[in-house]
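K.L.:
Pasting in a structure now, in structure tokens, and then I'll have a few things to ask.
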Amino acid sequence: MERYIMKGGDPLVGEVCIGGAKNAALGILTAAIMTDEDVVIDNLPDVRDINVMLEAIQEIGAHVTRIDRHTVRINASAIGEVSVDDEYIRRIRASYYFIGALLGKYKSAKVPLPGGCNIGSRPIDLHLKGFRALGAEISVERGAVVAQAVELKGAHIYLDKVSVGATINVMMAATLAGGLTIIENAAKEPHVVDVANFLNSMGANVKGAGTDIIRIRGVHRLHGTEYSIIPDQIEAGTFMCAAAITRGDVVVKNVIPKHLEAISAKLQEIGCEVIEFDDAVRVIGKPCQMHTNINTLPYPGFPTDMQPQITVTLALAKGTSIVTESIFENRFKYVDELARMGSNIKVEGNVAVIDGVAGFSGASVNAPDLRAGAALVIAGLAADGYTTVDEIGYIQRGYECFDEKLRGLGAVIEKVDSDKELQKFRLRVG
Ligand code: EPZ
């Protein structure tokens, strides 16, 4: 079983380059099957969730050609199957994007219903509400969502809760519906805008993405395109927190600083220096960082996907911080693991009360999910002595070459897959 082993205590220093946004890519890859022409997608992160998605796209008959590690060509003209079902696709929740893409193009889709996951129950009722409003009949049969329509007709859809997935999914289906669709209370996340820009580059008519009202005028067909995915806001934020928690000095390159404003603001509040450049941010940690309060909210609020990374950072800040998780009900699971490193955090419902401690000591911990796993790694890099993080398959779902990028900043970290390799690391590092 692969795990990370690290010896913490040194500040991270240097430059790191951020890859393409996983959550934008998941939407864009599925949207790419909505045309029969060639689509070339660049700046794709080479991470597990993306590779699973590409396999699923191939599985239903599309041709996928890897041009290089971060570029693919997709041609979906040979899709012969509107039923997506392989054992892997069930493991990624974003498989729900197949419903919007297939329903839009073929007016028919059958996709396994994603279950709950480690961060919460994660219903998709709002996605289904949107598809029904567009005229689809939806049922759940043997664990799969079955969606069918004679034709899709534009509609006025109010999303009761701000949902990234529902906004993207309904937006995709509506691009090929007749007439005008208006999505109200839409999510404004950068990846919603990126999927909208991608659809527009294929000839769709989507306006207002990035605001809470998106207007989609349906078109008859979409055409081929070449598109480059935006940088990953959360990967960038994770490295920003890594700089802060290790009291380091890191230039995080290939980012859109505007997307990072909530994270930059909080790091500044606790005393870090954050310098913005055109396409980079530099974070300089300070020996004594101060407490603050954080509430996760839809964009432009503080992202739930950065909650574990900022919480571990606050666990080494002076004073008491309060972090409220407003999006997912089960996103503090890693706190018990962090306690093994000596943190002092109490969780009541969706609120964590963090009493900052002077230092962590290395321990063996388990990654409970993707972002919490990354947070435990950066905590380990700030801890005295050795830390091992198990279950790193979660981390590899969303971070490309995480250990390699950290080593580039001076971290003493390695991926090992046996006790023997672990011992070797200890002997070598001393
Ligand atoms: C996306 O999930 C991301 N995943 C998540 O990224 C991210 O945490 C989340 O948005 C919030 O930003 C992808 O983009 C693939 P939501 P999504 O619908 O779209 C409730 C990561 O670490 N809700 O915006 O599934 C839901 O329970 C991850 O990369 C409903 O009630 O999230 C939650 O409370 C994990 N009914 C809230 O809305 C619905 O039909 C927001 O969820 C849909 C959502």
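K.L.:
Please find, within segment 115-171, the residue that is farthest from the ligand (Cβ to nearest atom) out of those that are of a type in the set (G, A, S) and assigned to a helix (DSSP H, G or I).
P.N.:
Applying the filter and picking the extreme gives A133.
K.L.:
Can I ask one more? So which pairs qualify, if the first residue must be in segment 103-126 and more than 17 Å from A56 (Cβ to Cβ), the second must be modelled with pLDDT under 85 and near the ligand (Cβ under 7 Å from one of its atoms), the Cβ gap must be under 7 Å, and the two must be at least 6 apart or on different chains?
P.N.:
If the second residue must be modelled with pLDDT under 85 and near the ligand (Cβ under 7 Å from one of its atoms), the pairs left are G116/R122.
K.L.:
Next up: Which residues, counting only those in segment 235-291, are polar (S, T, N, Q) and either touching an Asp or Glu at 6+ places or on another chain (Cβ under 9 Å) or crowded, with 17+ Cβ neighbours inside 10 Å (or both)? Reasoning before the result, please.
P.N.:
Kept after step one, since they are polar (S, T, N, Q), are these residues of segment 235-291: 238, 246, 254, 264, 268, 289.
Once the filter is applied, which keeps residues that are polar (S, T, N, Q) and either touching an Asp or Glu at 6+ places or on another chain (Cβ under 9 Å) or crowded, with 17+ Cβ neighbours inside 10 Å (or both), segment 235-291 yields T238, T246, N254, S264, Q289.
K.L.:
In the set N75, N43, N51, N118, which member is on the phi > 0 side of the Ramachandran plot and out of contact with any helix residue (DSSP H, G or I) (no Cβ under 7 Å at 6 or more places or on another chain)?
P.N.:
Details: N75 fails: on the phi > 0 side of the Ramachandran plot; N51 fails: on the phi > 0 side of the Ramachandran plot; N118 fails: on the phi > 0 side of the Ramachandran plot.
Within the list N75, N43, N51, N118, the selection yields N43.
K.L.:
Moving on to the next point. Here are the criteria: (1) part of a loop (DSSP other than H, G, I, E, B); (2) more than 11 Å from the ligand (Cβ to nearest atom). Tell me which single one E226 does not satisfy.
P.N.:
Here E226 meets the rest and fails (1).
K.L.:
Checking the condition within 13 Å of the ligand (Cβ to nearest atom) and small (G, A, S), which residue from A196, A174, A187 passes?
P.N.:
A187
K.L.:
From the residues in segment 1-18 that are among the hydrophobic types (A, V, I, L, M, F, W, C) and part of a strand (DSSP E or B), which one is farthest from the ligand (Cβ to nearest atom)? Even if it seems obvious, please write down each step before you answer.
P.N.:
At the first step, the residues of segment 1-18 found to be among the hydrophobic types (A, V, I, L, M, F, W, C) are 1, 5-6, 12-13, 16-18.
The next check asks that each one be part of a strand (DSSP E or B); those that pass are 5-6, 13, 16-17.
Working: I5: 24, M6: 22, V13: 27, V16: 19, C17: 19 Å.
Only one residue tops the list, namely V13.
Conditions (1) open to solvent by 10 Å² or more (accessible area, probe 1.4 Å); (2) under 19 Å from G237 (Cα atoms); (3) in a loop (DSSP other than H, G, I, E, B); (4) modelled with pLDDT under 95, marked per residue:
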| site | (1), (2), (3), (4) |
| --- | --- |
| E329 | yes, no, yes, yes |
| K346 | yes, no, no, no |
| R371 | no, yes, no, no |
| L376 | no, yes, no, no |
| L381 | no, yes, no, no |
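The values are calculated or read from the model by the stated rules, or taken from the named source; none is laboratory data. The model shown is predicted, which means the values in this text are computed figures rather than measured ones. So basically every Cβ, Gly included, is an ideal-geometry build from the backbone, and we count neighbours across all protein chains shown. Ligands, DNA and RNA are excluded from the accessible area calculation, which covers all protein heavy atoms including side chains. Shrake-Rupley method; radii C 1.70, N 1.55, O 1.52, S 1.80 Å.
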